[in-house]
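Take a look at the structure below.
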Amino acid sequence: MVTEITNEKSYRVETNRLDLYSAKSLEEDMTNLFQPGTIAIYIDFSNVEEVSSAVLGLLLYKKMTFQKQGVRLYLVNVKPQIHKILKILNLSHHLLP
C-alpha cells in the first residue's frame, strides 16, 4: 500500500481510499517506515481522495509514536477535500508541514 519514492524518506500511499479496512495494512506499512537515523517521514497523499476517522486517529497515534523517537511525520500533497477535513477537525497543524 505504501511505497518509497525517494531516499529522503518520502512515501506515497497507493490507494485512493483509506478506511477502517485499510487501516491495519497502513499501520503495518508505517511501522516499517521507521529506520534509525531518520529525522522526518513524509507521506504523499496525492492519490488519496477519502480518509476515515479511524485512519486519522492512526496517523495521530503514529505521529506521537515517531515523535517520541525523534522523528517528525507529515502528510504532503493533500487534496483540498482532505485538507478541509483536517482543518475542520483542527488537525492540519498536527499533520501538515
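The values are calculated or read from the model by the stated rules, or taken from the named source; none is laboratory data. The structure displayed is predicted, hence computed values, not measured ones. As a convention, Cβ positions derive from the backbone with ideal geometry for all residues, glycine included, and neighbour counts pool all protein chains shown. Calculation scope for accessible area: heavy atoms of the full protein, side chains included, ligands and nucleic acids excluded. Shrake-Rupley method; radii C 1.70, N 1.55, O 1.52, S 1.80 Å.
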Report task. Go ahead and estimate [θ] at 222 nm for the chain from helices alone: -39,500 (n - 2.57) per DSSP H run with n ≥ 4, summed, over the residue count, rounded to 500. Result -> -13500 deg cm²/dmol
Report task. Per residue of segment 48-54, in order, report the coupling 6.51 cos²θ - 1.76 cosθ + 1.60 (Karplus, θ = phi - 60°) as ³J(HN,Hα) in whole Hz, putting x for Gly and Pro. Result -> 7, 10, 9, 9, 8, 5, 4
Query raised in the report: Quick one: accessible area per residue over the chain, 1.4 Å probe, rounded to a whole number of Å²?
Result: 59 Å²
Requested in this report: Hey, can you grab everything whose amide H is under 5 Å from the amide H of residue 43? Only 5+ residues off in sequence or another chain; H modelled, so Pro and N-termini drop out.
Outcome: 11, 74, 75, 76
**Report entry** Relative contact order of the chain, pairs being alpha-carbon contacts under 8 Å that are 6 or more residues apart, as %
**Finding:** 28 percent
Report summary line: Answer in debye to the nearest 20: the dipole magnitude of the chain about its Cα centre, from +1 Lys/Arg and -1 Asp/Glu charges placed on Cβ, is 380 debye
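For the chain, with all protein chains present and a 1.4 Å probe, just round the carbon and sulfur fraction of the accessible area to a whole percent. Intermediate values should be presented prior to the final figure.
Working: 2930 of 5730 Å².
Answer for the chain is 51 percent, counting heavy atoms of protein chains only.
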Report task. Just name one of 30, 18, 69: the one whose Cα is farthest towards the positive end of the charge dipole of the chain (beta-carbon charges, Lys/Arg +1, Asp/Glu -1). Result -> 69
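Would you work out if segment 21-70 is rounded, prolate or oblate? Take a ≥ b ≥ c from the square roots of the eigenvalues of the alpha-carbon gyration tensor; rounded if a/c is under 1.5, else prolate when a/b is larger than b/c, oblate otherwise.
On the way: a/c = 1.94, a/b = 1.66, b/c = 1.17.
Cα axes put segment 21-70 in the prolate bin.
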